[in-house]
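Undergrad: Before I ask anything, here is the structure I am working with.
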Amino acid sequence: MKQSAGLVPFVLMAALCLAPSAPGQEQDEVLTNADVIALTEAGVPAEAIVIKIESTQSDFDTTVEQLIALSTAGVDASVVAAMTRKVATEAPRPEPPPEPPPAEPAAPPQAVPVPQPTAAPPPQEEPQPSGAAEPAATRVSVTPSATVAPFQPGSTFVDALASGGSGPEMVVIPAGRFRMGCVTRSGCFPDERPVHRVFFDEPIAVSSYAITFEDYDRFAGANRPGDEGWGRGRRPVINVSWEQAVRYAQWLSRETGESYRLLSEAEWEYAARAGSERKYHFGNDSTQLCQYANHADADTDYEWRNRYCSDGVGKKTAVVGSYAPNAFGLYDMHGNAWEWVQDCWNDHYRRAPRDGAARLEGDCSMRVLRGGAFGYEPGSLRAAFRTAIPRGTRSNDIGFRVARTLTP
């Protein structure tokens, strides 16, 4: 492969910049948001910036506004995730309050039972695909019944079901804004335009994984959809129509007393991008796609396959969570199974809602699908890609995930 003559001095300069201090040398350097943006604009690879973040002290600001600013500046999603991890691991632990002086003995108060968090069910132990990667961030589990900091962005929880057991694991997505549609300006379709800004005034919760057979079978009872012989449990539910997905969300609302629903199309893209304006939440390079998505890879015989990597599954769905998540802690937003969203089909974004609400005008006999599936090429897995199908369709590559409103 030919190499640009001007690239060699740049690589040497970057290597000197990113080299760790010699033994015994003091680590005084502190990395800030501005430094990360400067390294990105200088063309330093995302992998090198992540190494620098992990080996250096930092003073990062990871508020929602700053996350948006980092994304706008073109900082890679893996770098943003590393910054968020650094803030979490370097946050000072609060000092315990001083013990009060001993008081006169008094009658013991009546014991009040402390509400116990409902732990999210762990994924079923199964061998991971060869393309699987480590999660992008460590998440802290929080439940609605907990008395400390519920519903903080990045926290996860499950709601108890009235009939027993628990609902799907949910992760809190921060309020914010983003540009929706063909932000890459190339390789897009007319129905991905015009690009427009969408604003979310309140955080919402989104299911960490697509709804699984394990989740759905509690609702379906004897009317369980077929699994194609691939297995049930923690695989995404398939062979469900849009109407069935809506009915599951309604059942979940009744069982939990909370407000569950399908995501709007704008919510889905905001959640999938997780601050990125690239083709995928991790960047533009489809050779990395096998770390994040089950799709038509090099091991399949599809004419349109991704010939550059293998995700280790083949022509069927994978167990949810088999691949690395995005910066919001959501799994399988690219590939595995298409996901129904609430919106009626429109072949453009003219007059699309700016508040993230579902678009309930247009051809409502057709509903929108997002995310791509195991048998599709990389282009169909892009965050901006959208298609539609009759709302009563059931297929072995279509599932869904749910959202939950957090405000009254």
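The values are calculated or read from the model by the stated rules, or taken from the named source; none is laboratory data. This structure is a prediction, so every number in the text was calculated from the model and none was measured. Cβ atoms come from the backbone with ideal geometry, glycine included; neighbour counts cover every protein chain shown. Note: accessible area is taken over every heavy atom of the protein model, side chains too, but ligands, DNA and RNA are not part of it. Shrake-Rupley method; radii C 1.70, N 1.55, O 1.52, S 1.80 Å.
Undergrad: Working only within region 378-388, note down all residues that are open to solvent by less than 20 Å² (accessible area, probe 1.4 Å), farther than 16 Å from Ala296 by Cα and not in a loop (DSSP other than H, G, I, E, B).
TA: Hit for region 378-388 is Arg386, nothing else.
Undergrad: How many residues does region 173-206 contain that are within 22 Å of Ala388 (Cα to Cα) and among the small types (Gly, Ala, Ser)?
TA: 3
Undergrad: I would also like to ask the following. Starting from region 307-318, take each residue that is within 13 Å of Gly375 (Cα to Cα) and basic (Lys, Arg) and list its partners that are modelled with pLDDT of 95 or more and in a loop (DSSP other than H, G, I, E, B), counting only C-beta distances under 8 angstrom and pairs at least six apart or across chains.
TA: As it stands, the answer is Lys315/Thr300; Lys315/Phe374; Lys315/Gly375; Lys316/Glu228; Lys316/Trp230; Lys316/Phe374, since those pairs meet every condition given.
Undergrad: Here is a list of conditions, (1) surrounded by fewer than 17 Cβ atoms within 10 Å (Cβ to Cβ); (2) outside any loop (DSSP other than H, G, I, E, B), and Gly231 meets all of them except one; can you say which number that is?
TA: Condition not satisfied by Gly231: (2).
Undergrad: Something else now. Do you know which residues across region 276-298 are surrounded by 24 or more Cβ atoms within 10 Å (Cβ to Cβ) and under 20 Å from Gly181 (Cβ atoms)?
TA: Taking region 276-298 first, the residues surrounded by 24 or more Cβ atoms within 10 Å (Cβ to Cβ) are 276, 279-282, 289-290, 292-297.
Residues satisfying the conditions are Ser276, Lys279, Tyr280, His281, Phe282.
Undergrad: I've got another one for you. Identify, from the list Gly226, Gly187, Gly221, the residue that is open to solvent by 10 Å² or more (accessible area, probe 1.4 Å), closer than 30 Å to Gly314 by Cβ and at pLDDT below 95. Quick ask: steps written out before the conclusion?
TA: Numbers: Gly226 fails: at pLDDT below 95; Gly221 fails: closer than 30 Å to Gly314 by Cβ.
None of the other options fit; the residue is Gly187.
Undergrad: For residues that are of a type outside the set (Lys, Arg), in a strand (DSSP E or B) and touching a Lys or Arg at 6+ places or on another chain (Cβ under 7 Å), tally how many sit in region 173-195. Talk me through it step by step, then tell me what you get.
TA: Our first condition is that a residue be of a type outside the set (Lys, Arg); within region 173-195, this holds for 173-176, 178, 180-184, 186-192, 194-195.
If we keep only those that are in a strand (DSSP E or B) too, we end up with 173, 176, 178, 180.
In the following step, the residues that additionally are touching a Lys or Arg at 6+ places or on another chain (Cβ under 7 Å) were identified as 178.
Residues meeting the conditions: 1.
Undergrad: Output yes when any residue across region 165-180 is modelled with pLDDT of 95 or more, more than 19 Å from the chain's Cα centre (by Cα) and farther than 26 Å from Gly356 by Cα, and no when none is. Give the derivation first.
TA: Narrowing region 165-180 to residues modelled with pLDDT of 95 or more: 165-180.
With more than 19 Å from the chain's Cα centre (by Cα) added as a condition, the list becomes 165-166.
Going one step further and asking which of them are farther than 26 Å from Gly356 by Cα, we end up with 165-166.
Scanning region 165-180, I find at least one residue that is modelled with pLDDT of 95 or more, more than 19 Å from the chain's Cα centre (by Cα) and farther than 26 Å from Gly356 by Cα, so the answer is yes.
Undergrad: Could you go through region 361-377 and let me know if any residue there is hydrophobic (A, V, I, L, M, F, W, C), open to solvent by 10 Å² or more (accessible area, probe 1.4 Å) and in a loop (DSSP other than H, G, I, E, B).
TA: Step one: filter region 361-377 for residues hydrophobic (A, V, I, L, M, F, W, C), giving 364, 366, 368-369, 373-374.
This time we only want the ones that are open to solvent by 10 Å² or more (accessible area, probe 1.4 Å), so: 364, 366, 374.
From what's left, in a loop (DSSP other than H, G, I, E, B): 374.
Scanning region 361-377 turns up at least one residue that is hydrophobic (A, V, I, L, M, F, W, C), open to solvent by 10 Å² or more (accessible area, probe 1.4 Å) and in a loop (DSSP other than H, G, I, E, B).
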